[in-house]
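What follows is a set of notes on a single structure, which appears directly below.
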Amino acid sequence: MADENVKATKPKKVADPVAASIDVGTQQMIQRAQDLGIDTVFDRAVTMKPCNIGLQGICCKNCAMGPCRLPLPKGGIEGEDTRKGLCGATANTIAARNFARMVAAGTSAHSDHGRAVAEVFLSVARKETEDYKIKDVGKLLSIAPHFGVATTVEVDGEIKDRDLDEIALEVAEIAVAEWGKPEGELHYLKRAPKPTYERWKKQGVLPRSIDREVVEVMHRTHMGVDQDYKNLVKQCSRTSLADGWGGSMMATDLQDVMFGAPSPLQTEANMGIMKEDHVNIIIHGHEPILSEMIVAAAQSKEMVNYAKEKGAKGIQLGGICCTGNEILQRHGVPPAGTYLQQELAIVTGACDAMVVDVQCVFQNLANVAKCFHTKVITTHPIARMEQNNVLHIEFDEHHAMEDAKRIVTMAIDNFENREAEVMIPPQKNAQIAGFGVESIEYHLGGTFRGSYFTLNDNIVNGRIRGLGAVVGCNNARSQHNNAHITLIKELIKNDVLVLTTGCGGIASGMHGLLTPETAGVFCGPGLKEVCETVGIPPVLHLGSCVDNSRILLAATEMIKAGGPWKELSDIPACGAAPEWMSEKAIAIGQYVVTSGVYTIFGGTLPVTGAPEFAKYLFENIADLYGGKWAFCEDPVEMAHKMIEQIDAKRKELGIDKARERVLMDMADRQKLEASA
Ligand code: BF8
């Protein structure tokens with residue numbers, strides 16, 4: 001009896017806030033939640049251990065004879081790997097199937113987002129909506145030829161510009177068809193450098209249509225279909241290309257057409273952007289179709305005046321996750337935090353409404369909101385929540401502004417209902433965001449030259465050692481933001497220019513790495529010189545996760561501008577997702593590898609339980625595409641693995657000596673001059 005009492009009063013295990021995040025504001029809010037008896041993802045990560053077999057990718061639950069679990073013995077396997085499921089599926093098959101399903105899910109998420117954007121664009125082109133317009137005509141004209149749509153027409157022997165409405169309609173119809181066309185291949189694949197495209201063709205991985213590749217993954221991974229891990233990986237490549245060079249790329253482009261291509265702008269990042277005396281609306285999710293309208297509604301005089309009538313000084317918008325990145329890039333709306341801070345934004349007690357659409361949204365938001373006055377509003381027909389305190393206001397592009405105003409009004413009306421003491425952690429940092437293919441060209445190429453020549457030149461001459469794309473999520477299994485920031489600092493210290501997207505971008509902003517001044521503090525001498533000369537940060541934020549397509553196209557522009565590289569796999573560049581958690585990250589990793597780039601993930605990778613399959617991804621796949629997967633837990637070691645790859649590429653290109661010259665100090669140079 002006495003023992004039972006002891007059990008009943010045993011304190012609940014909770015996270016150590018300092019061990020959970022490197023951000024002081026986040027630590028404060030974790031502590032506050034714990035003081036109020038509210039559990040957050042950080043606490044749940046302490047109390048719930050992950051399944052070790054699933055973690056290694058070797059649990060098969062694709063039929064009702066299973067789940068079959070094939071644990072890898074502690075000391076590994078010597079000789080033949082005889083592990084098999086009831087049907088005989090090997091560890092390789094099981095891990096490859098699971099991996100393929102992650103690629104399919106990630107591709108679906110990005111591409112369904114892209115489809116929604118394409119459909120809204122079709123409504124615009126058909127003039128069925130007043131609320132969305134073509135904002136960036138230049139972008140439309142630049143992408144039209146990639147869909148095979150002419151932008152000029154010959155009339156009586158004279159070349160004339162085609163009617164814009166006609167171009168828009170053709171582009172929209174062809175774009176929408178990319179998801180389900182019965183034959184052919186995706187139009188955008190030919191945007192890749194020719195040798196890269198030819199490799200894909202030779203390997204038979206040119207995606208036909210987006211939906212088809214995803215369906216084929218689901219078929220091939222059904223019980224008793226594809227039982228050759230190499231053949232499954234081939235379909236992973238084809239499907240992931242349908243994401244990176246398909247759904248994601250079209251999402252980015254058509255969003256730019258409707259909402260404008262981003263250009264660099266200054267703002268702030270972290271929860272400290274919320275204001276006690278303002279109505280705070282946090283926009284969370286991924287599709288900017290909704291968030292664009294909320295921004296417009298919240299900035300309207302009518303809504304601002306209404307907020308003032310209700311006793312607030314104004315309306316403060318903040319973003320979480322990638323929809324936050326979308327409105328950051330185009331409007332300078334500051335991010336309130338990364339993926340792991342979504343619950344904490346409510347814990348401030350100052351969040352009057354959290355408006356969500358799709359992807360990366362915790363169901364626990366509803367539970368946290370029950371402890372405060374916050375209204376959680378779901379807006380997407382495919383993403384609702386079962387809890388009864390969640391409101392659902394379905395957003396429809398045909399009356400988008402009306403819906404957005406309804407949501408903003410609801411948030412304003414809720415301002416006076418704040419009950420708990422408001423506690424907004426003051427931490428925030430200034431940042432420059434809004435980079436893209438066009439703005440990198442402008443900043444590094446100059447207005448006259450307008451090309452990637454300067455970037456190429458600085459890589460060839462060694463001031464910039466290479467490029468590192470540091471992208472992706474946070475993961476509550478590791479210290480929030482630590483791996484992102486440690487990795488990025490180590491890369492820029494070693495003269496690697498960093499491109500970032502997703503929550504990696506938000507983390508960089510939160511920790512002050514997105515300012516030009518960062519160069520003087522953290523960069524190696526070569527990168528510092530370039531950044532200070534052209535006035536850019538050493539870490540360039542390129543947007544949301546679908547905007548990884550901007551990184552692919554920036555690399556393609558480098559090839560077009562001329563240089564020692566002919567295809568993507570020649571460029572001294574690497575990709576990394578040090579804190580990944582989402583299936584979308586696996587899809588991204590696979591298309592980056594298939595595009596020819598060394599890609600390293602941190603945390604865990606669900607392939608390690610099948611050593612032969614893992615070896616295929618870590619080594620052999622490079623023979624097919626030039627890129628390969630890697631895995632490393634420690635962010636400093638990860639940086640050095642990337643640098644090693646970058647240096648190896650420099651050597652292959654014969655530009656390794658140039659860098660040695662750049663790194664000579666003044667005394668070395670004088671010695672050299674004296675001896676000459
Ligand atoms: O698409 S980086 S946690 S928000 S999945 Fe999600 Fe990962 Fe953040 Fe953006 Ni991308």
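Observations on the structure shown:
- Residue pairs whose Cβ atoms lie under 8 Å apart, sitting 6 or more positions apart in sequence or on different chains, and linking a residue in the stretch 198-217 that is closer than 16 Å to V176 by Cα to a partner that is assigned to a helix (DSSP H, G or I) and acidic (D, E), are P207/E213; I210/D243.
- Reported count of residues in the stretch 570-590, each being more than 14 Å from the ligand (Cβ to nearest atom) and buried (at least 24 other Cβ atoms within 10 Å of the Cβ), is 5.
- Among (1) in a helix (DSSP H, G or I); (2) under 16 Å from the mean Cα position of the chain (by Cα) - the single one M558 does not satisfy: (2)
- Taking the stretch 520-548 as the range and being within 16 Å of the ligand (Cβ to nearest atom), more than 12 Å from I492 (Cβ to Cβ) and not small (G, A, S) as the test, the residues that pass are H541, L542, C545, V546, D547, N548.
- Residue match in the stretch 615-624 (condition: crowded, with 23+ Cβ neighbours inside 10 Å and within 16 Å of the ligand (Cβ to nearest atom)): no
- Each residue in the stretch 298-309 was checked for being under 17 Å from G324 (Cβ atoms) and open to solvent by less than 40 Å² (accessible area, probe 1.4 Å), and 1 of them qualify.
- Number of the exception - V103 against (1) open to solvent by less than 70 Å² (accessible area, probe 1.4 Å); (2) touching a strand residue (DSSP E or B) at 6+ places or on another chain (Cβ under 8 Å): (2)
- Considering residues of the stretch 446-498 that are within 16 Å of the ligand (Cβ to nearest atom) and free of Cβ contacts under 8 Å to residues at least 60 places away in the same chain only, the residue surrounded by the most Cβ atoms within 10 Å (Cβ to Cβ): I488
- Yes/no for L254 being closer than 30 Å to L141 by Cα, crowded, with 24+ Cβ neighbours inside 10 Å and either modelled with pLDDT under 95 or aromatic (F, W, Y) (or both): no
- Breaking point among (1) within 16 Å of the ligand (Cβ to nearest atom); (2) open to solvent by less than 10 Å² (accessible area, probe 1.4 Å); (3) of a type in the set (A, V, I, L, M, F, W, C); (4) closer than 22 Å to L206 by Cβ, for I551: (2)
- T129, sole failed condition from (1) within 26 Å of A242 (Cβ to Cβ); (2) of a type in the set (S, T, N, Q); (3) outside any helix (DSSP H, G or I): (1)
- Count - residues of the stretch 184-240 that are touching a Leu at 6+ places or on another chain (Cβ under 8 Å), closer than 22 Å to N92 by Cβ and open to solvent by 20 Å² or more (accessible area, probe 1.4 Å): 3
- Filtered residues of the stretch 94-140 (kept if more than 16 Å from the ligand (Cβ to nearest atom), touching a helix residue (DSSP H, G or I) at 6+ places or on another chain (Cβ under 6 Å) and under 21 Å from F613 (Cα atoms)): A95, A96, A100
- Set E166, E154: member being surrounded by fewer than 19 Cβ atoms within 10 Å (Cβ to Cβ), of a type in the set (D, E) and touching a Lys or Arg at 6+ places or on another chain (Cβ under 9 Å): E154
- Within the stretch 350-364, the set of residues being away from the ligand (no atom under 14 Å from the Cβ) and crowded, with 22+ Cβ neighbours inside 10 Å comprises A350, C351, D352, A353, M354, V355.
- Just one of (1) closer than 29 Å to T107 by Cα; (2) in contact with a Gly (Cβ under 9 Å, 6 or more places away or on another chain) fails for L290. It is (2).
- Pair list, Cβ under 7 Å, 6 or more apart: the stretch 341-369 residue of a type in the set (G, A, S), other residue within 12 Å of the ligand (Cβ to nearest atom): A345/I320; A345/G337
- Here V120, V103 are screened, and the one residue that is assigned to a helix (DSSP H, G or I), over 20 Å from G244 (Cα atoms) and either touching a residue at least 40 places away in the same chain (Cβ under 8 Å) or of a type outside the set (D, E, K, R) (or both) is V120.
The values are calculated or read from the model by the stated rules, or taken from the named source; none is laboratory data. Quick caveat, the model's predicted, so the values are computed rather than measured. All Cβ positions, glycine included, derive from the backbone under ideal geometry; neighbour counts span all protein chains shown. What goes into the accessible areas is simple: the full protein's heavy atoms, side chains included, and nothing from ligands, DNA or RNA. Shrake-Rupley method; radii C 1.70, N 1.55, O 1.52, S 1.80 Å.
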